Amino acid sequence: MGKWTIPSALILLCLLSLLSDQGRKLQANAKEGAVDPPKVEDNIGAVPHGLQTDSDVVKRESDSISSRSLRNNAEKFEFQAEVSRLMDIIINSLYSNKDIFLRELISNASDALDKIRFLSLTDKEVLGEGDTSKLEIQIKLDKEKKMLSLRDRGIGMTKEDLIKNLGTIAKSGTSAFVEKMQSTGDLNLIGQFGVGFYSVYLVADYVEVISKHNDDKQYVWESKADGAFAISEDTWNEPLGRGTEIRLHLRDEAQEYLEESKLKELVKKYSEFINFPIYIWASKEVDVEVPADEDESSDEESSDSTSSEEGEDEADKSEDEDTEKKKTVKETTYEWERLNDVKAIWLRSPKDVTNEEYVKFYHSLTKDFSDEKPMAWSHFTAEGDVEFKAVLFVPPKAPHNLYQSYYNSNKSNLKLYVRRVFISDEFDELLPKFLSFLMGLVDSDTLPLNVSREMLQAHSSLKTIKKKLVRKALDMIRRIADEDPDEFSGKDEKDVEKSGDEDEKKGQYTKFWNEYGKSIKLGIIEDATNRNRLAKLLRFESTKSDGKLTSLDQYISRMKSGQKDIFYITGISKEQLEKSPFLERLKKKNYEVIFFTDPVDEYLMQYLMDYEGKQFQNVSKDGLKIGKDSKSRELKDSFKELTKWWKGTLKTEDVDEVKISNRLDNTPCVVVTSKFGWSANMERLMQAQTLTDASKQAYMRGKRILEINPRHPIVKELRERVVKDPEDEGVKQTAQLIYQTALMESGFILSDPKDFASRIYSSVKSSLNISPDATIEEEDDVEETETEPETKAGKDGADAESSGLKDEL
């Protein structure tokens, strides 16, 4: 036993020493810092690849947002020049109504939803499943990040679409809008030019567009509006499924758009009639029951116990109820709230729709948010073989490019719906081209849905719809005239009183005519079926209209007894036509003559041959009849020799006939054309055509007829000279000069202006008693010497001399 005691003690001491050293090391480590306990792996259970949200992604996103800089891994692009100009105007604009950005985004979202819904008619699978198939618009706010986002589940954009639509390729409307903006300063028209997206830079300094198209991956477009934008594949945001989400990082001065009430107000004002539901992620306070506090429960228990004494069973029951006592508190919750729940106007009865609603619907439909109301509208339902509902509007102003590509454009301002589904706005078969200025929509229950656009355009029902639309459109335009007090000249006062609010409707048809009069004229040329109805809508000035517009019906009511023809004249301007020699006798005899000064009027009168049994007569053409002249036969006989001689003298001028005139009073002669040939004004218009063929004009040019005034002293004196000596060269020269002067006064272009000028100068010489053989004084010949360039010293000296002169002065 003793042998083992000492070794055991030594072993025990060694163990104690080792334990104390280990303890000191643990204390030292504790002083330096605690060791982290083991953790579960951060990424365990996370969705791989694009849906993963790791710390690096979060950091990259936060850095990008905070610095408003484009992502480093994105593909960079430069904005097209016209787009940059547009964005500069918007960013630096002092335009006060910044609200328009939201309506433009909602309008674009609605267009995207229309496109995917149309594609789904023939392919149901394009809509997808679940939430992706819901065609709606969602608005969401993030006050902490100062971000407003708008999402739609429309057709979405591919990478190529993002580049094309939002940056590098300027749409045709971009240049037009920039010019309009610079001339008027009105940003409110931006949506009409197809560039409404860029209005976001009124309120945002950094914009992200996240988009997913069925045929491509999800991409992010981003820009700070600094002349560049970037596009990258989206591997960090939530998958959209399909559609587009626009995130606006608002400027400090645009924080009002982070208020729900403001956004609700804007949607109500501008987008109430959008055909897809618009939702906002709205906050809402609700009452929630929660358990009452312990202090409140104990107080209630003590008050209950002192108020009355009850049996032991009732006391136990009361204690159980008190333990379940609850209270109601306010709690903020969030849910999607629909903002546009108004039924489509065209589905309602016209009696139930107010004028204010029609005006708001017009602004929403046309993207024209100016203060002006449409001139008129027509809301009707057609029944029969083809059933449809329609709303037509006459805009207050004509589009800027209405007639620029009149025959080449297929664009229509009428939207076609089939059973509330938007189909297209490119059906040129719904309305004829001359009514393409009308805005509105047609919703048919008869047309088939699941066919291609080409097949639908060839559908027989469209012809019936077009016929009814034209009739209703012309009735609507006629109603503008019927309700205009300025159009009631000669009508009973009772009829005027029935026309409605005179102040508002006064001058409306004149305004309509100034904007769309050319379209009515084109309609007369193109639409033989409705030619007479359109002729009733014609307006013009005349010798008796006192500077106001008048109609054919009013002209006929003022016609003289026995007058069979409607007289008119064409030319460049009213002021020029009022002085025309063709009107002299007509004005003297108190006949009314219509002034046609629009170039299209020449074509118009080739189709409008008569109206209400009255023939049209151009007073600058042959065949004018003004009553009967008992001395006409005698005059013709007395001037027969002169007219025959004059025609022979003008044989080189291609004059078909010289005869006595019945239209002149103070002018010696005029040149008229044959009844079915071109007038002088038409010749001028045709010669001005860029691609005209001069060789073919000879077939259409009217035969020229010189009409002389037998009562004028020049003509009478010329007759006497011809009787004395028909071969007198001086008389022939005078006859030539008189003809050329008449040619020019009648509106023709001289084929040889130099010859005319020479004759004028010869006449001036004669009046000044200058000999025809007088020569022009020769100019002294002076040799031209080349001037040497100034030396630097000479130039400096000249400058110094000039400076000294200035000092003296």
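Before moving on, here are some points about what is shown:
- Of the strands (runs of 3 or more DSSP E) that lie entirely inside segment 193-276, not one contains 2 or more residues that are of a type in the set (G, A, S) and free of Cβ contacts under 8 Å to residues at least 40 places away in the same chain.
- Matching residues in segment 363-396 - criterion: being under 14 Å from the mean Cα position of the chain (by Cα) and at pLDDT below 90: H363, S364, L365, T366, K367, D368, F369, S370
- Scanning segment 156-176 for residues that are open to solvent by 50 Å² or more (accessible area, probe 1.4 Å) and of a type in the set (S, T, N, Q), we see that the one that is modelled with the lowest pLDDT is S172.
- Residue match in segment 76-93 (condition: surrounded by 12 or more Cβ atoms within 10 Å (Cβ to Cβ), modelled with pLDDT under 85, of a type in the set (F, W, Y) and assigned to a loop (DSSP other than H, G, I, E, B)): yes
- G547 vs. criteria surrounded by fewer than 20 Cβ atoms within 10 Å (Cβ to Cβ), over 42 Å from the mean Cα position of the chain (by Cα) and at pLDDT below 90: no
- Unique match (being more than 28 Å from the chain's Cα centre (by Cα), open to solvent by less than 40 Å² (accessible area, probe 1.4 Å) and modelled with pLDDT under 90) among N188, N237: N237
- Residue check, E720 of a type in the set (D, E) and either in a strand (DSSP E or B) or assigned by the TED database to the domain that holds M605 (or both): no
- Selection status of Q689, outside any loop (DSSP other than H, G, I, E, B), assigned by the TED database to the domain that holds W645, surrounded by fewer than 17 Cβ atoms within 10 Å (Cβ to Cβ) and at pLDDT below 85: no
- Failed item, numbered, when F437 is tested on (1) over 20 Å from the mean Cα position of the chain (by Cα); (2) of a type in the set (F, W, Y); (3) assigned to a loop (DSSP other than H, G, I, E, B): (1)
- Boolean, S771 is among the small types (G, A, S), at pLDDT below 90, open to solvent by 90 Å² or more (accessible area, probe 1.4 Å) and not in a helix (DSSP H, G or I): no
- Annotation: M157 fulfils all but one of (1) without any contact (Cβ under 8 Å) to a residue 12 or more places away in the chain; (2) assigned to a loop (DSSP other than H, G, I, E, B); the unmet one is (1).
- Qualifying residue in segment 280-295 (condition: modelled with pLDDT of 90 or more, closer than 23 Å to L166 by Cβ and either open to solvent by 20 Å² or more (accessible area, probe 1.4 Å) or not in a loop (DSSP other than H, G, I, E, B) (or both)): no
- Some residue of segment 520-540 being touching a Pro at 6+ places or on another chain (Cβ under 8 Å), in a loop (DSSP other than H, G, I, E, B) and touching a residue at least 24 places away in the same chain (Cβ under 8 Å): yes
The values are calculated or read from the model by the stated rules, or taken from the named source; none is laboratory data. Since the structure is predicted, the reported quantities are computational estimates derived from the model, not experimental observations. Virtual Cβ from ideal backbone geometry, glycine too; neighbours counted across all protein chains shown. SASA here: full protein model, heavy atoms, side chains in, ligands and nucleic acids out. Shrake-Rupley method; radii C 1.70, N 1.55, O 1.52, S 1.80 Å.
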